[in-house]
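Visitor: Provided herewith is a single structure, encoded as structure tokens, for subsequent inquiry.
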Amino acid sequence: MATSTLCVLFFCFSLPSISSANPSPSSLSASDSDPLARNAFHIFNAVHSSMRQWGSSLNYNGMSFFPARVPKGTEFYHGRGTNETVTGIEWLAFEPEHAQIFGSHGPGERPPGGGGRGPPGDGNGPPPKDGRDPPGFVPKGNGFGSPKDGFGPPKYGKPPLHAGYQRPLDFEKREGESDTQLTGYIHTYITSRDLQFLYIDGMSAGKTANGTLDSQYHGILNSTKIHQGRWDYGLAKDMCSIAANEWKGRVDGFIRMEAGFEVILCDFAKSVELGRITRAGSACSVFRGCEDAGPEAAHSVKFAYLRAVSDRYHGVGGNRVQINYDKFVSAYTQDIDLFKSGQRGPRLQDAPPEILSAIRSELDALVLSEPNPFTAKSRDWQSIVDMIITHYSSRLQYLSSENIIANKAAFLHELDLLLSPFISYDSRSPTAEIARCTTHFLPFSNTPTLASQTTSHVSNHICKTLVYLSSHPQNRVEVMKQLIADLNWTTWKQCKGCGWDEVCLVPIWPFGTEEDWVKPSCVNASTLPTKQGFWGPREGPGGGPGEGPPGAAPPPLPMAVLKNWWRGEV
């Protein structure tokens with residue numbers, strides 16, 4: 001097949017000749033020989049979904065690391081059982097509703113299935129300060145199930161969700177305690193200086209066996225084995241140790257996402273000032289004590305949390321996080337097939353040591369590079385990606401719609417409208433039209449970067465496909481199907497027309513079903529409790545209890561466990 005070459009922003013593409021006879025759709029796709037070209041769509045989508053709950057939930061196995069800066073004076077929230085000021089390593093939430101689920105309990109209490117940074121005696125959790133149960137304490141009669149079902153003691157116990165004192169709560173009232181003592185506190189902390197974070201994309205705070213933790217264990221810790229006895233607090237300690245020692249204190253912590261964005265802050269005393277401490281809401285105002293009010297009350301408080309999470313589907317807002325898109329590291333640039341496991345998302349679990357070492361070396365070089373990537377000015381490639389997606393997303397859907405694609409004349413008419421700004425009708429030149437179309441949204445840059453190259457690649461791929469179809473409409477069904485599959489934009493899964501009392505639900509750990517990933521739908525407080533099972537078992541040391549062989553899809557949670565979770569017993 002005859003080809004021509006287009007170079008945009010120092011990135012060159014081999015273009016199929018428009019006069020070539022009926023090339024297959026695969027010939028219009030990126031070459032498999034170059035990792036950057038092969039994975040350009042994934043990197044483009046990573047830029048688009050960065051610091052956004054929606055896209056990061058659909059593409060939950062993040063493979064990229066971005067330098068991020070949080071300005072001085074930014075408020076964060078922390079829920080815990082005591083009103084003691086936090087020191088050392090701890091978690092912060094971007095939204096108060098997120099912290100609220102961890103502050104709805106008294107000191108030392110652990111909800112069945114709630115968080116804990118380590119199992120009893122593993123040395124990874126902070127010591128208890130109030131003489132009560134240590135982090136990871138599992139009370140009797142906790143609804144975990146028997147050892148036979150793979151979800152209970154004595155072999156593993158229930159893998160903890162989260163931090164030693166910041167964790168969701170539903171617990172039994174202790175003898176002599178009042179309802180007021182059953183609630184904890186919401187702490188508000190304010191950054192005392194500009195803070196430098198490494199943002200780990202995807203659902204990187206989701207404790208799952210699906211691959212959500214791969215980039216931390218295999219990428220940052222450079223381990224060929226997941227966990228090695230670590231729980232979440234141990235993982236945080238190890239990453240903060242790297243930040244302090246190997247990265248010479250240049251990284252203050254890590255930004256991750258679960259049902260809401262969070263920060264692992266490595267040193268509270270050096271990074272934030274206490275704003276206020278307030279007593280958390282009454283027992284039924286968050287996650288527990290709603291029995292007398294009926295099941296709808298319990299459902300409504302969980303739904304209120306999800307509603308707050310959905311507020312950040314398209315960004316945390318307020319310029320609270322400023323990402324450097326000119327300098328970031330992605331496993332997608334490595335010469336390895338990240339999808340060979342057969343699972344839905346990319347995985348690093350089977351990557352050879354030399355690939356993991358290369359990722360870590362790139363991370364080291366990024367963090368320690370000059371000028372400082374956390375403070376250096378950079379181009380906002382996410383906004384450029386946004387322009388491309390907002391321009392083409394609905395138009396490509398319309399071109400692919402049944403009424404249009406089935407009618408050749410209608411298809412060509414809509415295609416001509418889409419391409420007309422780039423056509424000189426007195427002198428048609430497919431190559432020139434592709435070039436004009438490709439560069440339309442792209443700023444001129446003297447320095448090629450990962451973001452500029454992948455954005456150029458995707459823009460070019462769209463344009464050359466559309467120009468090709470203008471002269472080969474007979475292939476429109478096959479080629480449009482391939483284009484939509486290549487792009488895989490998360491905008492195409494957004495709900496349309498949810499009610500005021502509804503939220504468009506996509507799987508967000510621990511919520512969601514398989515159907516919610518395939519086709520997200522509107523849910524309300526009464527239907528949300530049925531939306532469980534997508535994430536399988538929670539991840540713990542040595543792999544999640546009940547985890548199958550490497551590469552196997554995780555089994556769904558037993559229905560009894562799901563029911564207990566919604567009753568607040570798991």
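The values are calculated or read from the model by the stated rules, or taken from the named source; none is laboratory data. These numbers come from a predicted model, not from an experiment. A quick note on method: Cβ atoms are made from the backbone with ideal geometry, for glycine too, and the neighbour counts reach across all protein chains shown.
Visitor: From the residues in the range 225-258 that are at pLDDT below 95 and of a type in the set (Gly, Ala, Ser), which one is nearest to TYR199 (Cα to Cα)?
Guide: For the range 225-258, the residue satisfying everything is GLY234.
Visitor: Taking the stated definitions as given, is GLU84 more than 21 Å from ASP201 (Cβ to Cβ), of a type outside the set (Ser, Thr, Tyr), crowded, with 23+ Cβ neighbours inside 10 Å and in contact (Cβ under 8 Å) with a residue 24 or more places away in the chain?
Guide: In short, no.
Visitor: Please enumerate the residues belonging to the range 419-445 that are part of a loop (DSSP other than H, G, I, E, B) and in contact with a helix residue (DSSP H, G or I) (Cβ under 8 Å, 6 or more places away or on another chain).
Guide: Selection gives ILE423, SER424, HIS440, PHE441, LEU442, PRO443, SER445.
Visitor: Hey, another quick one. I'm trying to understand the selection: among the residues of the range 494-509, which are closer than 30 Å to SER456 by Cβ and crowded, with 18+ Cβ neighbours inside 10 Å?
Guide: VAL506, the sole residue that qualifies.
Visitor: Based on what the data block shows, is HIS98 farther than 30 Å from ALA435 by Cα, within 22 Å of the chain's Cα centre (by Cα), part of a strand (DSSP E or B) and at pLDDT 50 or above?
Guide: no
Visitor: Related question: Considering each of SER427, SER400 in turn, give the residue that is modelled with pLDDT under 95 and not β-branched (Val, Ile, Thr).
Guide: Among SER427, SER400, only SER427 is modelled with pLDDT under 95 and not β-branched (Val, Ile, Thr).
Visitor: Which of (1) in contact with a helix residue (DSSP H, G or I) (Cβ under 7 Å, 6 or more places away or on another chain); (2) outside any loop (DSSP other than H, G, I, E, B) is the odd one out, the single condition TRP91 does not satisfy?
Guide: Evaluating TRP91 over (1) in contact with a helix residue (DSSP H, G or I) (Cβ under 7 Å, 6 or more places away or on another chain); (2) outside any loop (DSSP other than H, G, I, E, B) leaves (1) as the failure.
Visitor: Turning to a different aspect of this structure: Residues to consider are GLU478, GLU414; find the one that is outside any loop (DSSP other than H, G, I, E, B) and either surrounded by 15 or more Cβ atoms within 10 Å (Cβ to Cβ) or touching a His at 6+ places or on another chain (Cβ under 9 Å) (or both).
Guide: From the options GLU478, GLU414, the qualifying one is GLU414.
Visitor: Say we look at the range 365-389 and pick out the residues that are without any contact (Cβ under 8 Å) to a residue 40 or more places away in the chain and either among the hydrophobic types (A, V, I, L, M, F, W, C) or assigned to a helix (DSSP H, G or I) (or both); which of these is nearest to ILE43 (Cα to Cα)?
Guide: SER383
Visitor: While we're looking at this one, here's another question. Is it true that some residue in the range 327-350 is in a helix (DSSP H, G or I), free of Cβ contacts under 8 Å to residues at least 40 places away in the same chain and among the polar types (S, T, N, Q)?
Guide: The answer is no, given that none of the residues of the range 327-350 is in a helix (DSSP H, G or I), free of Cβ contacts under 8 Å to residues at least 40 places away in the same chain and among the polar types (S, T, N, Q).
Visitor: May I ask you to verify whether GLY249 is within 17 Å of the chain's Cα centre (by Cα) and on the phi > 0 side of the Ramachandran plot?
Guide: Taking the combined requirement at face value, the residue does not satisfy it.
Visitor: With the requirement that a residue be farther than 19 Å from SER49 by Cα and in contact with a strand residue (DSSP E or B) (Cβ under 6 Å, 6 or more places away or on another chain), what does the range 504-520 give you?
Guide: Matches in the range 504-520: none.
Visitor: Filtering the range 390-405 down to residues that are closer than 18 Å to HIS48 by Cα and surrounded by 20 or more Cβ atoms within 10 Å (Cβ to Cβ), which residue is nearest to the chain's Cα centre (by Cα)?
Guide: In this case the residue turns out to be TYR392.
Visitor: Right, another one. Among the listed residues VAL272, VAL286, VAL263, identify the single one that is modelled with pLDDT under 95, buried (at least 24 other Cβ atoms within 10 Å of the Cβ), within 27 Å of the chain's Cα centre (by Cα) and not basic (Lys, Arg).
Guide: Result: VAL286 is the single residue among VAL272, VAL286, VAL263 that is modelled with pLDDT under 95, buried (at least 24 other Cβ atoms within 10 Å of the Cβ), within 27 Å of the chain's Cα centre (by Cα) and not basic (Lys, Arg).
Visitor: What number of residues in the range 333-371 are more than 15 Å from GLN216 (Cβ to Cβ) and of a type in the set (Lys, Arg)?
Guide: 2
Here is a yes/no grid of residues against (1) under 29 Å from THR74 (Cα atoms); (2) part of a loop (DSSP other than H, G, I, E, B); (3) touching a residue at least 24 places away in the same chain (Cβ under 8 Å); (4) not β-branched (Val, Ile, Thr):
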| position | (1), (2), (3), (4) |
| --- | --- |
| PHE197 | yes, no, yes, yes |
| GLY202 | yes, yes, yes, yes |
| ASN210 | no, yes, yes, yes |
| GLY234 | yes, no, yes, yes |
| SER241 | yes, no, no, yes |
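Visitor: Is it fair to say SER470 is assigned to a loop (DSSP other than H, G, I, E, B) and of a type in the set (Gly, Ala, Ser)?
Guide: no
Visitor: Quick one: in the range 68-81, of everything that is surrounded by 20 or more Cβ atoms within 10 Å (Cβ to Cβ) and of a type in the set (Gly, Ala, Ser), which residue is modelled with the highest pLDDT?
Guide: ALA68
Visitor: A follow-up question, please. Does CYS504 satisfy the criteria of being farther than 30 Å from ARG436 by Cα, in a loop (DSSP other than H, G, I, E, B) and modelled with pLDDT of 95 or more?
Guide: When the stated conditions are applied, CYS504 does not pass them.
Visitor: Report whether or not SER357 is under 22 Å from TYR60 (Cα atoms), of a type in the set (Ser, Thr, Tyr) and surrounded by fewer than 21 Cβ atoms within 10 Å (Cβ to Cβ).
Guide: When the stated conditions are applied, SER357 does not pass them.
Visitor: Looking at the range 309-338, which of its residues are over 24 Å from GLY253 (Cβ atoms) and out of contact with any Lys or Arg (no Cβ under 8 Å at 6 or more places or on another chain)?
Guide: Hits for the range 309-338 are SER310, TYR332, THR333, GLN334, ASP335, ILE336, ASP337.
Visitor: Separate question: Please pick out the residue among ILE220, ILE242, ILE277 that is more than 24 Å from the chain's Cα centre (by Cα) and surrounded by fewer than 24 Cβ atoms within 10 Å (Cβ to Cβ).
Guide: ILE277
Visitor: Kindly list, by first and then second residue, each pair from a residue in the range 474-500 that is more than 26 Å from ALA410 (Cβ to Cβ) and small (Gly, Ala, Ser) to a residue that is modelled with pLDDT under 95 and crowded, with 16+ Cβ neighbours inside 10 Å, limited to pairs with Cβ atoms under 6 Å and residues at least 6 apart or on different chains.
Guide: none
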